[in-house]
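So the structure is just underneath, and the comments pick up after that.
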Amino acid sequence: MLRVIDTETCGLQGGVVEVASVDIEDGKIVNPMSDLVRPDRPISHQAMAIHKITEAMVADKPWIEEIIPRYHGSQYYVAHNASFDQRMLPEMQGDWICTVKLARRLWPGIKYSNMALYKSLKLQVATPADLHHHRALFDCYITAALLIRIMEESGWTPEEMVTITGRPALVSTMMFGKYRGRKIAEIAEDDPMYLRWMLNNIKELTPDLRMTLKHYLEGQ
């Protein structure tokens, strides 16, 4: 059994406001779970604009410590950009699998956001009718469908996917900041000082992004 899990947060620095999961068993998506969570900090305006979860929606909800035991019990946890969700859920005991890294390995040179892959791969999945992209359970269904396609085309075992997830990998596109959506190779040519500033000042950079910035700044 593989458990696909997703979080929505108060911002890039954390504060979980929603957690959800689905399981993949015998190639089927089963056992959906979802909880709104009272966060330990205010929800940023930027985050609220993305997931549409308001302070009023979570004011009387349980703390993350109260609900997270429901999501325990899997040997493997799967997430799109797993390093972020793993950081948000340090309580989860198990091996992590990252569908972003798997997709980069299997289909080089395309866009790797959840919805970009959903559209380009023409994934067929029944998502919850009352939710939308950037709600945790909706995104779990998309990620689960993506993982099923990855396993069908690659033949990778869970152990092989864990190994691929653990390897550093170059990132092609900047996913946040003033150059969001631009190729990192282009940014390195046009504004290398910005990339150096990121390396020196943003502690939350993923290992993949940190390695990528160093790669493109070598020799400059």
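Keeping the other protein chains in place, figure out the carbon and sulfur percent of the accessible area of the stretch 45-141, with a 1.4 Å probe. Intermediate values should be presented prior to the final figure.
Working: 2900 of 5170 Å².
Here carbon and sulfur together make up 56 percent of the probe-accessible area.
At 222 nm, what helix-only mean residue ellipticity would the chain give, in deg cm²/dmol to the nearest 500, using -39500 (n - 2.57) for each DSSP H run of four or more?
Numbers: 11 runs with 93 residues, N = 220.
That comes out to -11500 deg cm²/dmol.
Label-point separation (nm) for residue 44 and residue 26, each offset 7 Å from Cα along Cα-to-Cβ?
So the label points at residue 44 and residue 26 sit 4.4 nm apart.
Among DSSP beta bridges lying fully in the chain, give the percent that are antiparallel, nearest 5.
Numbers: 16 of 23 bridges.
That works out to approximately 70 percent antiparallel.
Zone of residue 185 (label point 7 Å along Cα→Cβ, backbone N under 20 Å): which residues in the stretch 102-141?
Under cut-off, by backbone N: 102-113.
Taking H placed 1.01 Å from N in the peptide plane, check which residues at least 5 places from residue 17 or on another chain put their amide H under 5 Å from its amide H.
So residue 17 has HN proximity to 8, 9, 10.
Once you keep just the Cα pairs under 8 angstrom separated by 6 or more residues, what percentage relative contact order results for the chain?
18 percent.
In nm, to one decimal, how far is the residue 61 label point from the residue 126 one, both placed 7 Å along Cα→Cβ?
Using points 7 Å along Cα→Cβ, the separation is 2.5 nm.
Within the stretch 143-220, what whole-number % of the accessible surface is contributed by carbon and sulfur, with the 1.4 Å probe and all protein chains included in the calculation? Please report the intermediate quantities before stating the final value.
Values: 2360 of 4510 Å².
About 52 percent, which is the carbon plus sulfur part of the accessible surface.
In whole Å and largest first, what semi-axes does the C-alpha gyration tensor of the chain yield when each eigenvalue is scaled by 5 and square-rooted?
Numbers: eigenvalues 154, 103, 51 Å².
They are 28, 23, 16 Å, listed largest first.
At a Förster distance of 30 Å, what's the computed FRET efficiency of residue 105 paired with residue 72, Cβ-Cβ distance as r, to 0.05?
On the way: r = 29 Å, r/R0 = 0.95.
Calculated value: 0.55.
Per residue, how much accessible area does the stretch 23-150 have with a 1.4 Å probe, in Å²? Intermediate results must be reported in sequence, preceding the final value.
Details: 6540 Å² over 128 residues.
Here the residues of the stretch 23-150 average 51 Å² of exposed surface.
State, as an integer percentage, the relative contact order of the stretch 38-97 based on alpha-carbon contacts under 8 Å between residues 6 or more apart.
Working: 38 pairs, mean separation 18.1, N = 60.
Relative contact order here is 30 percent.
Counting only chymotrypsin sites (Phe, Trp or Tyr not before Pro) that sit in a DSSP loop (anything but H, G, I, E, B) with at most 15 other Cβ atoms within 10 Å, what is the longest stretch of the chain containing none of them?
On the way: sites that count: 63, 176.
Result for the longest clean stretch: 64-175.
The values are calculated or read from the model by the stated rules, or taken from the named source; none is laboratory data. It should be emphasised that the depicted structure is a prediction, and the values quoted were computed from it without experimental measurement. Positions of Cβ are backbone-derived with ideal geometry, glycine not excepted, and every protein chain shown enters the neighbour counts. These area figures cover heavy atoms from the full protein model, side chains too; ligands, DNA and RNA do not enter into them. Shrake-Rupley method; radii C 1.70, N 1.55, O 1.52, S 1.80 Å.
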